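Here is the structure we will look at.
The values are calculated or read from the model by the stated rules, or taken from the named source; none is laboratory data. Here the structure is a predicted model, which means the values were calculated and not measured. Note: ideal-geometry Cβ built from the backbone for every residue, glycine included; neighbour counts use all protein chains shown.
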Amino acid sequence: MGQRWLTSILGICMVIGMPAAVESISAGAQDMGAADMVLEGGSSGEVPFPHRRHQESLTEGCQVCHDMFPQKRGSIEALKAEGKLESKQVMNRLCTACHRQSRRQGVDAGPTTCSQCHQR
């Protein structure tokens with residue numbers, strides 16, 4: 001019943017002109033991933049990652065990060081192993097760059113150095 005019911009509700013909302021309801025229902029049905037994750041951090045140690053906090057604060061959407069790697073457990077490590085992602089590419093081009101830019105704009109942001117994230 002679940003998938004069929006959701007499809008019916010979405011169709012009805014679209015027909016009667018309720019785009020906000022469609023968006024809300026779709027977001028609820030979408031897999032948002034874990035609220036908190038632990039990312040593999042190589043020889044520097046694991047990286048605790050507050051995934052839900054990032055989802056809530058990034059107004060640009062998930063693709064800001066997931067253009068670089070798929071939304072799949074272990075994707076960063078797999079891309080590194082395949083030579084499709086450099087060792088510090090995610091951290092340098094996404095994490096610390098975004099945190100620094102946010103701070104320049106006066107927004108409280110996350111860590112900007114290796115040792116603030118990696119835990120041995």
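Some points to look at:
- LYS88 being surrounded by 12 or more Cβ atoms within 10 Å (Cβ to Cβ) and without any contact (Cβ under 8 Å) to a residue 24 or more places away in the chain: yes
- Scope the range 58-85; condition in contact (Cβ under 8 Å) with a residue 24 or more places away in the chain and over 16 Å from GLY42 (Cα atoms); matching residues: VAL64, CYS65, MET68, GLN71
- Top-ranked residue of the range 80-106 - restricted to ones that are closer than 21 Å to PRO48 by Cβ and among the aliphatic types (A, V, I, L, M), ranked as farthest from the chain's Cα centre (by Cα): LEU85
- Residue match in the range 11-34 (condition: modelled with pLDDT under 85, loosely packed, with under 13 Cβ neighbours inside 10 Å, among the charged types (D, E, K, R) and outside any loop (DSSP other than H, G, I, E, B)): yes
- Flag if ARG73 is in a helix (DSSP H, G or I), of a type in the set (Lys, Arg) and loosely packed, with under 14 Cβ neighbours inside 10 Å: no
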